[in-house]
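K.L.:
Got a structure for you, written out below as structure tokens; questions coming shortly.
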Amino acid sequence: MRGQKRFAWLMATPTIIALIALGIVPLGWMIWTAFQSFPPNPANPPQFIGMRNFVDLADDPQFFGSLRTTAIVLVFSLSLQLVLGFLLALALYSIERGRGLIVSLLLIPTAIAPIVAGIVWWMLFNARFGAINSFLVQFFGIDPVNWTIEMPTALIAIIVAVVWQWTPFVAIILLGGLTTIPRDVLDAARIDGASGWRVLRYIIVPLMRPFFLVVGLLMIIEIVRLYELPFFITQGGPGNETVVAGVYLFKLAFSFFDLGRASMMSVFLVIALSLVAALYMRLVADRRMTVN
Amino acid sequence: MSVLTLKNIAKSFGATEVIKGIDLRIDEGEFVVFVGPSGCGKSTLLRLISGLEQADAGEIILDSEIVNDHTPFERGIAMVFQSYALYPHMTVAENMGFPLKMVKEKPHAIAEKVNAAAKTLQIDQLLDRRPDQLSGGQKQRVAMGRTIVRDPTLFLFDEPLSNLDADLRIEMRVEIEKLHKRLKATMIYVTHDQVEAMTLADRIVVLRDGVIEQIGAPLDLYDNPVNKFVASFLGSPKINFLSARVVDVGEGAATLSLRNGARFVVPMPTGDVKKDDALTIGVRPEDFAISGGDFSIPFDLELQEQLGPVSYLHGSSNGEKIVAEHRVRGKILKETASTLGVNSARIHVFDTSGRSVRHGRKGQET
Amino acid sequence: MTSQKIKKNRSRRIVRSSRWRRLKNRFVSSWPWVVISGFLIFALFPVYWIVLVAFRPRGDIFQYPAALLPTNLTLDNIRFVWFGSPTNEPVIGFLGNSLLISVVASVIALSFGVCCAYALGRFRIGGSFLSMWILSQRFLPPIALVVPLFLMFRQLGLLDTHLGLILIYSVFTIPIVVWLMMGYVQSAPRELEEAAYVDGAGYWTAFVRIALPVLKPGLSVAAVFTFIFIWNEYVLAFQLAGNKVATITVYLPRLRSAIAELYGEIAAASLLSVLPAIVFAGVMQRFLVRGLAFGGLK
């Protein structure tokens with residue numbers, strides 16, 4: 001119909017402008033600042049220092065430490081989230097009554113502000129006044145554990161909080177995936193003589209593959225951007241053992257005020273996340289082709 | 001009320017040419033049905049006429065005005081969609097009144113027209129309901145009601161009955177026919193159902209691969225198909241095809257022989273075929289008879305389907321599949337039906353390219 | 001083996017297997033509830049703890065070991081949070097900022113986002129590149145952009161202003177809205193709008209009067225997402241504002257870094273912060289599964 005394209009572009013233009021102004025421009029700014037040195041006094045202009053920030057970052061053991069910690073958190077949280085989330089999704093899929101209510105209750109952790117989650121888990125893990133130690137002392141007679149100020153328990157505390165916050169979300173996405181599998185297919189598999197386990201192994205899991213991939217990638221992004229949970233549970237301690245990438249970036253920028261190096265680290269994170277995003281887009285595109 | 005003329009209309013989606021240069025003239029008050037297999041372009045052609053799609057080339061002329069650049073509304077068309085496209089958040093009355101609201105008619109005028117239309121379609125008791133509270137047939141009526149409230153110049157129907165069950169389909173078919181009689185409006189109707197096409201149409205347009213194969217009155221197409229495609233598209237069960245050979249060519253007639261050696265003479269324009277040409281003859285199931293006809297073919301009966309007044313005999317003749325209609329009740333013995341008689345005046349003859357040779361180009365020029 | 005023996009064997013196996021099957025069935029039919037109950041406890045215990053501590057007197061909070069069940073109840077913490085005390089500011093102003101910023105930014109993001117999703121989903125402008133580009137913005141976390149945004153806002157004088165936060169939150173949530181709404185747009189029947197064009201509606205009228213009402217369920221899901229995202233956001237709220245214009249998420253850590261660690265007050269304030277999450281989760285339960293599944297893959 002006449003004027004269709006013009007109307008469509010008019011509808012999309014505000015968004016495009018907004019995203020360029022506050023999405024692309026800061027990105028460009030960030031790349032520029034990644035090659036500058038910022039004097040402590042903001043009144044003095046920054047100076048171009050070429051690749052110095054990159055070299056500094058490459059020489060910075062704390063930077064690599066933060067990446068390693070992020071990787072550890074990522075590996076453990078992601079596997080727990082996927083396994084537990086799928087188990088929960090299957091459980092939700094097989095019940096008939098009360099699903100809506102249960103789903104909404106389960107989603108509360110995901111809907112809670114990460115900063116609140118961090119504070120609450122810090123309270124729960126508190127060595128003296130926390131509920132977890134109280135539980136261990138009263139029911140198992142175990143000596144109180146210094147959860148948040150010793151390794152590896154500090155890391156465990158963070159992983160528990162991450163799993164707590166995001167597993168329900170993973171489960172709901174996977175549940176959405178399960179509901180897209182036609183009942184006929186499952187019935188047919190049963191009539192063909194497949195046991196429950198085999199239906200799961202040969203029908204459900206393969207069909208769920210795209211959902212696993214997508215939710216897995218979403219979780220990778222969530223974990224790479226982690227800040228509030230680790231910061232408020234352990235403050236990065238003991239030492240710098242639980243400083244994840246997000247916390248270190250913040251430290252660089254707003255504790256050390258090394259805005260140049262922080263920008264360089266942001267560039268690194270954005271590139272890493274873009275690769276993950278590109279992978280995601282590829283998967284979504286693939287999925288579209290197989291559906292149509 | 002208006003005359004619609006299409007001149008060399010073409011449309012592509014990406015690299016696929018969906019409509020390949022179509023010329024067509026539809027007269028005032030005519031009921032024209034587009035039929036064809038899925039993917040033939042019939043729905044696209046309808047959408048081009050409606051203005052929902054824009055033609056890449058050619059002219060669409062309503063009366064004497066070129067309307068290529070007009071919106072559907074400016075063309076003054078009304079359309080019934082396959083899914084009915086009732087607005088789910090509006091009541092029946094609001095649905096039917098929506099086109100009037102768009103031209104800023106006064107509320108009481110809208111109510112009046114909606115009520116009148118509802119009465120003729122017998123849905124006046126449903127006006128306060130929402131679409132999800134209606135049955136399929138009722139939705140269909142509301143969709144039609146929405147079209148008639150505004151006196152369109154041209155009615156378009158895009159497979160409007162395909163979502164209904166068999167009974168309702170017949171009922172609504174009759175309803176549409178009545179509507180056409182009463183409004184005397186020009187209507188274009190797309191369907192893949194040949195029964196709808198045969199019963200509703202003043203003229204049928206048979207489409208294949210974006211090209212018009214044949215245009216004509218329903219019975220004319222049935223009796224004089226210009227090619228094998230049209231012949232097999234209309235008629236159920238399908239027309240039977242048997243291979244034949246020309247054994248002799250005479251003045252205005254030719255002698256053909258079938259695989260079994262049966263020979264018969266068919267009238268044919270001189271010069272269209274020559275001796276030893278391979279041809280295909282088409283025989284409709286109802287043109288076979290167990291006895292009679294002026295020649296016969298051997299028949300190997302495999303299965304008799306009894307449908308009540310009529311039964312279909314499935315079998316083969318010299319390895320070619322055949323379905324014959326039999327109008328006598330009761331079980332037929334294989335031996336009784338060992339041959340089938342054919343009246344040579346009723347057969348269709350096609351050349352190797354599938355074109356009808358016996359009827360020449362008759363029926364194609366309309 | 002003779003055929004008799006086989007028969008005997010088989011009948012014995014049937015008896016045993018039916019008993020085993022009954023046991024198995026009982027287990028099979030109850031395992032989902034075991035899993036779900038476990039998760040519910042895990043998911044809700046921290047929420048329970050917030051509520052518990054929020055109503056617990058100061059003395060009881062610092063008991064060792066902490067009492068796991070409700071003990072004495074008090075409204076002191078709530079009162080201190082609402083009206084302030086010598087050790088903390090009242091929460092009202094922060095709450096007001098959060099509410100104002102969340103509502104305004106959500107409305108902006110929804111209006112921009114749904115228009116854009118409609119343009120992309122219905123008319124497929126810009127090919128896949130444009131939609132991919134917009135969707136990819138979703139992967140840029142605030143934390144990655146906080147440094148340049150801080151410098152940019154400092155330059156533009158937007159630091160510590162309502163406008164600044166509203167702008168940046170709208171832009172961060174538009175891709176979420178587009179992402180969610182595109183699935184809804186594509187699954188809504190196109191014929192409805194076409195019928196409206198035939199009935200005399202223009203593109204805008206068909207969008208507002210036909211498409212938007214049909215998209216309402218999707219819009220409410222998107223509204224919940226954007227609101228909660230903004231309400232919960234801390235990194236930008238703290239770095240780009242946080243002095244004159246401070247939100248509830250900025251209020252919380254202030255209680256902790258104050259003279260004493262105000263456990264009870266933190267819990268009471270957290271309760272306020274969690275409230276929208278709970279309310280909206282309840283309201284949205286009907287749409288969530290569908291909405292998330294759609295958005296995830298469409």
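K.L.:
Would you please state the base-10 log of I(q)/I(0) at q = 0.10 1/Å for the range A:31-156, with intensities from the Debye formula using one equal scatterer on every alpha carbon?
P.N.:
-0.64
K.L.:
Find the accessible area per residue for the protein assembly as shown; the probe is 1.4 Å, ligands and nucleic acids are left out, and the unit is Å².
P.N.:
Values: 41960 Å² over 956 residues.
It amounts to 44 Å² per residue over the protein assembly as shown.
K.L.:
Here are some pairs, B:LYS119/B:LYS181; B:LYS139/B:LYS238; B:LYS7/B:LYS104; B:LYS101/B:LYS184; which of them have Cα atoms lying more than 23 Å apart in this structure? Can you show the working numbers first?
P.N.:
Numbers: B:LYS119/B:LYS181 17 Å; B:LYS139/B:LYS238 33 Å; B:LYS7/B:LYS104 34 Å; B:LYS101/B:LYS184 25 Å.
The answer is B:LYS139/B:LYS238; B:LYS7/B:LYS104; B:LYS101/B:LYS184.
K.L.:
Taking the Cβ of C:PRO70 as the center, what net charge do the other residues with Cβ under 12 Å away carry, scoring Lys and Arg +1 and Asp and Glu -1? Before the final figure, lay out each step's value.
P.N.:
On the way: positive: C:ARG56; negative: C:ASP60.
Charge balance near C:PRO70 sits at 0.
K.L.:
I want to verify the translational diffusion coefficient of chain C in µm²/s; compute it with Stokes-Einstein, Rh as the Kirkwood radius over Cα pairs, at 25 °C and 0.890 mPa s. Please report the intermediate quantities before stating the final value.
P.N.:
Numbers: Rh = 23.4 Å.
In µm²/s, the coefficient is 105.
K.L.:
Between B:ASN163 and C:THR161, what FRET efficiency follows from the Cβ-Cβ distance if R0 is 45 Å, with the result rounded to 0.05? Working shown, then result.
P.N.:
Numbers: r = 56 Å, r/R0 = 1.25.
Here the calculated transfer efficiency is 0.20.
K.L.:
Above 30 angstrom, tally the Cα pairs of the range A:52-291 and express them as a % of all pairs, no decimals.
P.N.:
Values: 10935 of 28680 pairs.
Of all Cα-Cα distances in the range A:52-291, 38 percent exceed 30 Å.
K.L.:
If you don't mind, there's one more thing I want to ask. For the peptides B:62-70, B:88-96, B:2-10, what is the packing order when you average, over each peptide's residues, the other Cβ atoms within 10 Å and list the highest mean first? Kindly include the intermediate steps, with their values, before the conclusion.
P.N.:
On the way: B:62-70: 14.3, B:88-96: 20.8, B:2-10: 18.2.
Taking the mean over residues of other Cβ atoms within 10 Å, the ranking is B:88-96, B:2-10, B:62-70.
K.L.:
Any idea what the relative contact order of chain A is, in percent, if you count C-alpha pairs under 8 Å spaced at least 6 apart? Don't skip to the answer; put the middle values down first.
P.N.:
On the way: 311 pairs, mean separation 81.8, N = 292.
Relative contact order of chain A: 28 percent.
K.L.:
For the range A:132-269, just list the percent of Cα-Cα distances falling in each 5 Å bin from zero outward, please.
P.N.:
That works out to 2, 9, 13, 13, 12, 11, 10, 10, 9, 7, 4, 2, 1, 0, in percent per bin.
K.L.:
How many times 2.2 N^0.38 Å is the alpha carbon radius of gyration of the range B:76-127?
P.N.:
Details: Rg = 11.1 Å, N = 52, 2.2 N^0.38 = 9.9 Å.
Against the empirical 2.2 N^0.38 Å value, I get 1.12 for the range B:76-127.
K.L.:
How big is the range C:146-258 by the Kirkwood estimate over distinct Cα pairs, in Å? Write out the running numbers ahead of the final one.
P.N.:
On the way: mean 1/r = 0.0601 Å⁻¹.
Mean inverse Cα-Cα distance, inverted, gives 16.6 Å.
K.L.:
Can I ask one more? Rounding to the nearest 20 debye, state how big the charge dipole of chain B is about its Cα centre with +1 on each Lys and Arg Cβ and -1 on each Asp and Glu Cβ. All intermediate terms of the calculation are to be shown ahead of the outcome.
P.N.:
Values: 44 positive and 49 negative charges, 83 e Å.
With only Lys, Arg, Asp and Glu charged at Cβ, the dipole is about 400 debye.
K.L.:
Using the alpha carbons of the range C:107-190, what is the convex hull volume per residue in cubic angstrom, as a whole number? Please report the intermediate quantities before stating the final value.
P.N.:
Values: hull volume 8.0 nm³, N = 84.
Each residue corresponds to 95 Å³ of Cα convex hull volume.
K.L.:
Say a paramagnetic label sat at a point 7 Å from the Cα of B:GLN54, along Cα to Cβ; which residues of the range A:7-29 have their backbone N under 14 Å from it?
P.N.:
A:7-9
K.L.:
Which aspartates and glutamates have a Cα lying under 20 Å from the Cα of A:LYS5, excluding residues fewer than 8 positions away in the same chain?
P.N.:
B:GLU53, B:ASP56, B:ASP69, B:GLU74, C:GLU191, C:GLU193, C:GLU194
K.L.:
Can you compute the modelled spin-label distance between B:VAL265 and B:ASN318, with each label point 7 Å from Cα toward Cβ, in nm?
P.N.:
Taking the simple label geometry, B:VAL265 and B:ASN318 are separated by 2.1 nm.
K.L.:
Taking the alpha-carbon set of the range B:226-366, what are its Rg and Dmax in Å?
P.N.:
That works out to 15.3, 46 Å for Rg and Dmax.
K.L.:
Based on the alpha carbon coordinates of chain B, what radius of gyration and maximum Cα-Cα distance (Dmax) apply, in Å?
P.N.:
Rg and Dmax of chain B, Cα atoms, are 24.5, 77 Å.
K.L.:
Quick one: if the Förster radius is 35 Å, what FRET efficiency do A:ASP184 and B:VAL195 give, using the C-beta to C-beta distance and rounding to 0.05? Kindly include the intermediate steps, with their values, before the conclusion.
P.N.:
Numbers: r = 31 Å, r/R0 = 0.88.
Given R0 = 35 Å and the Cβ-Cβ separation, E is 0.70.
K.L.:
Further question: Using only the Cα atoms of the range B:1-155, what semi-axes does the equivalent ellipsoid have when each is the square root of 5 times a gyration tensor eigenvalue? Give whole Å, largest first.
P.N.:
Here the semi-axes work out to 31, 18, 13 Å.
K.L.:
Let me ask something additional. Can you find, among C:VAL178, A:PHE231, A:TRP197, the residue sitting farthest towards the positive end of the charge dipole of the protein assembly as shown, where Lys and Arg contribute +1 and Asp and Glu -1 at Cβ?
P.N.:
It is A:TRP197, whose Cα lies furthest towards the positive end.
K.L.:
What order, most packed first, do the peptides A:251-262, B:121-132 have when packing is the mean number of other Cβ atoms within 10 Å of each residue? Write down the numbers at each step before the final one.
P.N.:
On the way: A:251-262: 20.1, B:121-132: 15.7.
Answer by packing, highest mean first, reads A:251-262, B:121-132.
K.L.:
Restricting to Cα pairs below 8 Å that are 6+ residues apart, what does the relative contact order work out to for chain B? Please round to a whole percent.
P.N.:
Working: 776 pairs, mean separation 57.2, N = 366.
Here the relative contact order equals 16 percent.
K.L.:
Can you tell me the Rg and the Dmax, both Å, for the Cα atoms in the range A:155-231?
P.N.:
For the range A:155-231, the Cα-based Rg and Dmax read 16.4, 53 Å.
K.L.:
Okay, next question. If each of B:GLU28 and A:LEU275 carries a label point 7 Å out from its Cα toward its Cβ, how far apart are those two points in nm?
P.N.:
Those two pseudo-labels are separated by 7.3 nm.
K.L.:
Still on this structure: Average partner chain C-beta neighbours within 10 Å, per residue of A:97-107? Provide the component values of the computation, followed by the final result.
P.N.:
Details: counts 0, 2, 3, 7, 2, 7, 7, 10, 10, 7, 11.
Mean shielding by partner chains, rounded to a whole number: 6.
K.L.:
Additional query: Run the simple label-point estimate for C:LEU44 and C:GLN63 please: 7 Å along Cα→C-beta, distance reported in nm.
P.N.:
So the label points at C:LEU44 and C:GLN63 sit 2.4 nm apart.
K.L.:
How large is the dipole of chain C about the Cα centre if only Lys and Arg carry +1 and Asp and Glu carry -1, each at its Cβ, rounded to the nearest 20 debye? Mind showing how you got there, number by number?
P.N.:
Details: 28 positive and 11 negative charges, 611 e Å.
It works out to roughly 2940 debye.
K.L.:
Something else: For the range B:182-283, state the semi-axes of the equivalent ellipsoid (square roots of 5 times the eigenvalues of the alpha-carbon gyration tensor), sorted largest first and rounded to whole angstrom.
P.N.:
Values: eigenvalues 231, 40, 27 Å².
Working through the eigenvalues yields semi-axes of 34, 14, 12 Å.
K.L.:
For the protein assembly as shown, how big is Rg over Rh, using alpha carbon atoms and the Kirkwood form of Rh? Display every interim value, and only then the final one.
P.N.:
Numbers: Rg = 37.3 Å, Rh = 34.0 Å.
A ratio of 1.10.
K.L.:
Here's something else I'd like to know. When the helix-only estimate is applied to the protein assembly as shown (DSSP H runs of n ≥ 4, each -39,500 (n - 2.57), divided by the residue count), what is the mean residue ellipticity at 222 nm, nearest 500 deg cm²/dmol?
P.N.:
Values: 35 runs with 518 residues, N = 956.
After summing the helix terms and dividing by the residues of the protein assembly as shown, the value is -17500 deg cm²/dmol.
K.L.:
Here is a follow-up. If eta is 1.567 mPa s and T is 4 °C, what Stokes-Einstein diffusion coefficient results for the range C:17-106, Kirkwood Rh from Cα pairs, in µm²/s?
P.N.:
Result for D is 74 µm²/s.
K.L.:
How well do other chains shield peptide A:220-228, expressed as the mean number of their Cβ atoms within 10 Å of each residue Cβ? Don't skip to the end; give the middle numbers.
P.N.:
On the way: counts 1, 4, 1, 0, 4, 7, 2, 6, 9.
Across A:220-228, the average partner-chain Cβ count within 10 Å equals 4.
K.L.:
Separate question: Just checking the output field for B:254-260: average partner chain Cβ neighbours within 10 Å of each residue's Cβ? Mind dumping the intermediate values first?
P.N.:
Working: counts 0, 0, 0, 0, 0, 0, 0.
Mean partner-chain Cβ count within 10 Å for B:254-260: 0.
The values are calculated or read from the model by the stated rules, or taken from the named source; none is laboratory data. Note that this is a predicted model, so its numbers are computed, not measured. Cβ atoms come from the backbone with ideal geometry, glycine included; neighbour counts cover every protein chain shown. The protein model used for the area step is the full one, side chains on, heavy atoms only, and it has no ligands, DNA or RNA in it. Shrake-Rupley method; radii C 1.70, N 1.55, O 1.52, S 1.80 Å.
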